[in-house]
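K.L.:
A single structure is presented below for examination.
All of the numbers you see were taken from the coordinates with simple rules; none came from a lab. Everything numeric in this text was worked out from a predicted model, so none of it was measured. Cβ placement follows ideal geometry from the backbone for every residue including glycine, while neighbour counts extend to all protein chains displayed.
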Amino acid sequence: MQDRPHHPTDDSENPSSSPSSSRSRLSRRAFLRGAALAGASGAVGGGWFRGGRTPDSDPPPSDMRYRTLGRTDLRVSEIGVGGYPLRDGDLIRYALDHGINYVDTSHCYRGGRSEEAIGEGMRGIRDQIVLATKWCPYHIGRPARKQVFIDMLDASLKRLRTDHVDVLFNHQVGRNSDGQGLPRLQNPEMYEAWETVKQAGKARFLGASGHDADLMQIMHWAVDSGRIDVILCRYSFLDYPEQQKLIDKCHEKGVGFIAMKTLAGARGADLDAFRDSYTNFKQAALKWVLSNAKVSNLVISMSNRRQVDEYAAASGSPMAASDYELLDRYASHFSDQVCRYCGACEEACPDDVRIADILRFSMYEKEYRQHGRGSQAYASLIVSERAAHCAHCNGLCESVCGYDLPVRTLLIDAHRRLATGYPRDPGPDARAG
Ligand code: SF4
Ligand code: SF4
C-alpha cells in the first residue's frame with residue numbers, strides 16, 4: 001500500500017491518465033486524502049451570512065458555513081437543497097433554519113411540481129434564498145428558439161412565485177440528453193434569450209450542468225467561454241481526478257463550481273453499516289467534497305427533515321481520521337460497483353446501449369430510492385439503447401471499463417428493475433435528471 005498523498009496532477013498515479021492498471025495500484029486511502037489536499041490552499045469564507053444578498057445578524061442554529069459562488073456576489077451555504085424529490089414546501093423553511101440558503105430545482109423536475117413546492121415554501125423568505133432553476137433540454141424543442149427559452153423561464157417563475165432566479169442553468173448539456181451536446185451551449189438564440197431575461201431582471205447568473213460522457217469537454221468549454229458563471233458537475237471521493245483540473249480552472253477564472261452526485265453512488269441498501277460513533281458515510285462523503293476549498297458548495301436531494309439534519313451537520317466540521325476510514329471502507333466494498341459515467345465502455349458495445357445513463361437511472365431508483373424516476377427515464381430510451389440485449393452478449397463493454405465494473409451484470413440487473421411499469425416514452429419530464 002502506498003502511503004504518500006496522491007495529487008491529481010501527479011501523472012505517475014493519476015487514474016485519469018491511464019486505465020485500470022494505475023487505478024488498481026493506487027491506495028484507496030491515498031486516493032481519498034489526495035483529492036482533499038488538492039484544493040486545500042484556497043480560502044474558505046465562513047461566518048454567519050444567512051441570506052443570499054442580505055446579511056442576517058441572527059445566526060442560524062447550525063454550524064453552516066458559507067462560500068462565495070465564483071465571481072457572483074452570492075454567498076451560498078456549503079450544503080444546498082437538491083429539489084428533485086421535494087414535495088413539502090415547509091422543508092425550505094426548515095432548511096433555512098439550519099442555515100441552508102441554496103436551493104436547486106428545474107423546470108422539468110417532476111413535471112414542475114418541485115418548483116411549485118419550493119415556491120410555496122419560499123413565501124415570505126424569498127430574499128433569504130439563493131435560488132437556481134434550469135432550462136430543460138427536453139422542453140426546448142428543435143430548433144431551440146429564443147422565445148421558447150424565455151417562455152420556459154416565465155413558467156418556472158410563475159411556479160416558484162418569484163420575479164427572478166439567481167442562477168439559471170442550461171440543464172443536462174451533453175450528447176445524450178438532446179443529441180446535441182456542445183452546440184446547445186453555442187446556440188446564439190440561447191444567449192439572446194439570456195440577455196433578454198437578464199436585462200428584465202428575471203435571472204442574474206448563467207450556468208451549465210450535465211451528466212453525459214462528454215461532461216468534461218463541455219464544462220471546460222463552458223468555463224473557457226467566459227459566458228458561464230456557474231457550473232454544476234458530478235464530484236465525489238471516487239470520482240475526482242478529471243474534475244480537479246476543472247475545479248482549478250473554475251477557481252482561476254472565477255466560475256462557481258457546485259458539486260452533485262457527491263455520495264459516489266450511495267451503494268448499499270443500508271448505509272448505516274458505514275457509520276461510526278461520530279459520523280456516517282453520507283456526512284463523511286459530503287465533508288470530503290467540502291474539504292476542497294475551491295468547490296463553491298454542493299447540492300444533495302432532500303425530501304424530509306431527517307435528511308436536512310443529517311446533511312447540514314456535514315458543514316463546519318473538518319474531515320477526521322474516522323471519516324477517511326469510513327470512505328475507505330466504502331471504497332473497498334463498492335469502488336468496482338459505482339459507475340463514474342465516463343462513457344468509455346459505450347464505444348465497445350456492438351449495440352447502442354446507453355450504459356452510463358442506464359446505470360445512473362438505476363442509481364436513482366435503487367440507491368436514492370426515488371421510485372419511478374429511474375424507470376420513467378428508462379422508458380424514454382428507444383429499444384436499441386436499452387439493456388435488454390445484455391443477457392445475450394459476451395460483455396465487450398467490461399473489458400473497456402477502467403474501474404473494473406461488472407458492467408454486463410449491473411446492466412442486466414438494471415434492466416430487470418427498470419423495464420417494468422411504464423409505457424415507452426412517457427414524455428420529456430421522464431428524461432430530466
Ligand atoms: S453487455 Fe453487451 S450489449 Fe450490453 S452494454 Fe455491454 S457490450 Fe453492450
Ligand atoms: S461502466 Fe465503467 S467505463 Fe462505463 S461509464 Fe461506467 S465507469 Fe465508465
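K.L.:
Once phi is turned into ³J(HN,Hα) by the Karplus curve 6.51 cos²θ - 1.76 cosθ + 1.60 with θ = phi - 60°, what whole-Hz value does each residue of segment 249-261 show in order, with x for glycine and proline?
P.N.:
5, 4, 4, 5, 9, x, 9, x, 10, 9, 8, 9, 6
K.L.:
Quick one: 3J(HN,Hα) in Hz for segment 108-122, Karplus 6.51/-1.76/1.60 with θ = phi - 60°, rounded, Gly and Pro as x.
P.N.:
9, 6, 6, x, x, 6, 5, 4, 4, 5, 5, x, 5, x, 8
K.L.:
Considering only C-alpha atoms, what is the centroid distance from segment 297-337 to segment 109-126, in Å?
P.N.:
So the two Cα centres are separated by 26 Å.
K.L.:
Over segment 66-327, what relative contact order in percent results from Cα pairs under 8 Å that are six or more residues apart? Provide the component values of the computation, followed by the final result.
P.N.:
On the way: 520 pairs, mean separation 57.3, N = 262.
Relative contact order comes out at 22 percent.
K.L.:
Quick one: check the C-alpha center-to-center distance for segment 207-244 versus segment 250-265, whole angstrom.
P.N.:
Computed from Cα coordinates, the inter-centre distance equals 7 Å.
K.L.:
Among LYS198/LYS249; LYS261/LYS294; LYS261/LYS287; LYS202/LYS287; LYS249/LYS282; LYS158/LYS294, which pairs are too far apart, with a Cα-Cα distance over 23 Å? Write down the numbers at each step before the final one.
P.N.:
Working: LYS198/LYS249 25 Å; LYS261/LYS294 17 Å; LYS261/LYS287 13 Å; LYS202/LYS287 33 Å; LYS249/LYS282 27 Å; LYS158/LYS294 34 Å.
Pairs exceeding the cut-off: LYS198/LYS249; LYS202/LYS287; LYS249/LYS282; LYS158/LYS294.
K.L.:
Still on this structure: Along the Cα→Cβ direction, 7 angstrom out, place labels at SER332 and ASN304. What is the inter-label distance in nm?
P.N.:
Label at SER332, label at ASN304, 3.1 nm between them.
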